[in-house]
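Scroll down for the structure; my scribbles are underneath it.
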Amino acid sequence: MMRAQRPGSRLPTPAGPTDDGPATLVDAGALYAGETVARIGDVQPAGRIVRELAT
């Protein structure tokens with residue numbers, strides 16, 4: 001199933017890209033964040049963040 005995965009495909013798998021996996025997973029696989037993702041406390045709209053950075 002991992003080899004059949006392509007961008008826009010409806011065959012998502014939880015497998016992330018590895019050096020021994022199919023090259024298609026780089027574009028279509030899950031890109032998991034590292035341990036630092038645990039430090040995210042909330043999700044904010046991008047528009048608000050951009051406006052705050054512009055001021």
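Calculated FRET efficiency, Asp27 and Glu52, Cβ-Cβ r, R0 35 Å, to nearest 0.05?
Using R0 = 35 Å, I get an efficiency of 0.65.
How would you rank 45-52, 34-41, highest first, on the average number of other Cβ atoms within 10 Å across their residues?
In decreasing order of mean packing, 45-52, 34-41 become 45-52, 34-41.
From the phi of every residue in the stretch 42-55, what ³J(HN,Hα) in whole Hz does the Karplus formula 6.51 cos²θ - 1.76 cosθ + 1.60 yield, where θ is phi - 60° and glycine or proline is x?
Values per residue, Gly and Pro as x: 7, 10, 10, x, 4, x, 5, 5, 4, 4, 5, 5, 6, 8 Hz.
Where a number appears in this text, it was derived from the coordinates with a stated rule and is not lab data. Since this is a predicted model, take the numbers as computed values, not measurements. Note that each Cβ is placed from the backbone with ideal geometry, even for glycine, and that neighbours are counted across all protein chains shown.
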